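Engineer: Sharing a structure, written as structure tokens. Questions coming.
Throughout, read-outs are computed from the coordinates displayed, never taken from laboratory work. Since the structure is predicted, the reported quantities are computational estimates derived from the model, not experimental observations. Neighbour counts are summed over all protein chains in view; Cβ atoms, including those assigned to glycine, are modelled from backbone coordinates with ideal geometry.
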Amino acid sequence: MAVEINNKAKNKVNPSFVKKVAEKFLRAYKKTDYSISIAFVGDKEIRKLNKKYRRVDRVTDILSFAGEEKFLGEIILDYHQIKRQADKFGNKSKDELIFILVHGLLHLLGYDDKTEAGRKKMERLGNEFIKSIK
């Protein structure tokens with residue numbers, strides 16, 4: 001299992017904490033022979049990527065890109081956006097980061113939230129996993 005963390009935005013995020021959450025997720029879903037890449041970028045970069053790959057011209061909290069073979073994929077996070085969302089919803093930044101990270105990891109496993117049923121399933125699975133690691 002390999003989890004690569006790249007903090008391009010130089011956010012004050014604890015990379016070892018993020019790596020531990022991702023590794024626990026991979027163990028829980030029996031994907032220990034897979035690798036993933038997690039990058040933190042700023043608002044400008046994630047907006048550019050969101051526009052290019054999703055055709056949505058706005059900042060987002062996370063983008064997930066599925067990989068091939070034993071590379072499960074890449075997750076790109078905007079910690080500034082995650083912090084803003086945490087404030088908006090009255091959550092701690094760390095809890096919001098975990099929730100968003102797990103959401104992205106579920107996408108890499110093939111879960112989709114384009115429908116209400118899919119969104120609810122992802123939310124349930126995410127919350128169950130988060131509860132299991134606390």
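Engineer: Under a crude label model (7 Å from the Cα following the beta-carbon direction), how far is LYS48 from LYS121 in nanometres?
Structural biologist: Taking the simple label geometry, LYS48 and LYS121 are separated by 3.6 nm.
Engineer: Say each of ASP57 and TYR29 gets a label point 7 Å from the Cα, pointing the same way as Cα to Cβ; how far apart are those two points in nm?
Structural biologist: Label-label distance for ASP57 and TYR29, simple model: 3.3 nm.
Engineer: Sticking with this one: Just grab the label-to-label distance for LYS134 and LYS10, each label 7 Å out from Cα along the Cβ direction, in nm (one decimal).
Structural biologist: Between LYS134 and LYS10, the simple spin-label model gives 3.4 nm.
Engineer: Moving on. Pick out which of LEU106, LEU49, LEU97 has the largest mean-square fluctuation in a Gaussian network model of the chain, springs linking Cα atoms closer than 10 Å.
Structural biologist: Of LEU106, LEU49, LEU97, the most mobile in the Gaussian network model is LEU49.
Engineer: Continuing with the same structure: Sorted from fewest to most neighbouring beta carbons within 10 Å, what does the list ASP33, ASP43 look like? Working shown, then result.
Structural biologist: Details: ASP33 10, ASP43 16.
Fewest-to-most Cβ neighbours within 10 Å comes out as ASP33, ASP43.
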